[in-house]
Structures are given as structure tokens and as C-alpha cells.
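Reading through the C-alpha cells given below for one structure.
Please treat every number below as a calculation from the coordinates, not as lab data. For clarity, every value in this text was computed on a predicted model and none was experimentally measured. Note that each Cβ is placed from the backbone with ideal geometry, even for glycine, and that neighbours are counted across all protein chains shown.
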Amino acid sequence: MARRTAPVLTAAAALALSAVAVPTAASAATASDRAAATQRAVVYRATAAYQLHANAVKAGYVPDKYCVTDRAGSGSLGYPHFNHAYDNSVDPAKPAALFYEDDGRGGKRLVGVQWLVYDRDQNAATDDDRPSLFGTRFTGPRAGNFPGQPIHYALHLWLWKANPKGRYETYNPAVTCLPGTVRPKPAGGAGARPRP
């Protein structure tokens, strides 16, 4: 199976790169648009191998057993897989998280990535250290998603599955969580959050 999958992944990555890395004459891309496209091409190359879920796990991305959805109904993240060695990375090739969805055949399909940067002063009221990547500012600062996680900034990129709300939006309405896969609500009714 791995033999047949590799050429398909290589072809998919090549098509994605050709669509992103070379702006057309009609697009009249600005320098910042070209820089963002180049950075996205780096992400495509760096994460193409993670289309095979086992490769991501082998590379240190730890899967959460629950699919994360926005309880307000704006979409889902899918199953987060965090590699905390890449916390505070703004390197396009080193996202801190990968997001997968069920592929309908018992496996997982890569849909998006995320960068996570800790707030320098740990004060959610200030944002003078807000990072950016792809010419896009990170969201936040926001409180940690689990006890002990610092106040942080985040940037999502829906690189492997289009997000109708926008490429950098947090939740993707095109990503769904199957029944029974979402983290149960904790006692007291607080919303579920991804636990990296």
C-alpha cells in the first residue's frame, strides 16, 4: 500500500506547489503575496509526508484521541497532533500542530496545520510581541487550552483542505467530527478544548 500511495502523494504535492508557488501574470501578485506563496510552498513540502498519518506520529506529532469542534458551530479543527518541540516556531517548515479528519475508510487525512507562540509577557491585555507568518498576524493572545499552557498566539493554515471562511481562520466548516469522536463536556458544562 505504501508503494502505491507515495507516487500519489508526490503528484498531489507537485500539483499543490505548482498552483501556489508560481503566480500567474494575471494575478499581478505583490511582493508580499509572492513571499506568502513561497512560505506556503515550504509548508506543502514540509508536510506532504504527513499525508501518511504514521509519518506524522513517527516525526513526534502526538495525536489527541478526540476530534475538536467549535461548540458555537463555526466548524471544526479535526484531530490535533502536537509536536511541542515546535512550540514558539515561526518557521513555515515546523508547525507545532497538524490537524486530521476521518477519511471515511478508518484512517486519517491531513487537513491543516498550526503554529503556536507563547506570549512574551504573559499578559493577555498586551500584544506588542504578536508574530506573523505568510503576511498574516497570529490570533490572540489567548489563555492556554489546558492547565499549565501559557498565554499564546496561534495561526492556523488550511493547506490541505480548503476553508470556505478563509485560509487562516481557526475553525473550518468543511471539517466534520464523526458522532462519538468529540471530547465529552467536563463536569460543570465548560466547553471542550484541545489538549496538546
Taking 0.36 nm per residue of separation between A35 and N55 and subtracting their Cα-Cα distance, the length gained on full extension comes to 4.4 nm
R130 and A162 label points (each 7 Å along its Cα→Cβ direction) are spaced in nm at 2.8 nm
Given a Förster distance of 30 Å, the FRET efficiency implied by the Cβ-Cβ spacing of F146 and V42, rounded to the nearest 0.05, works out to 0.55
Ordered by fewest other Cβ atoms within 10 Å, a rough proxy for footprinting exposure, D121, D64 read D121, D64
Cα-Cα pairs in segment 74-196 separated by more than 17 Å, as a whole percent of all pairs, come to 59 percent
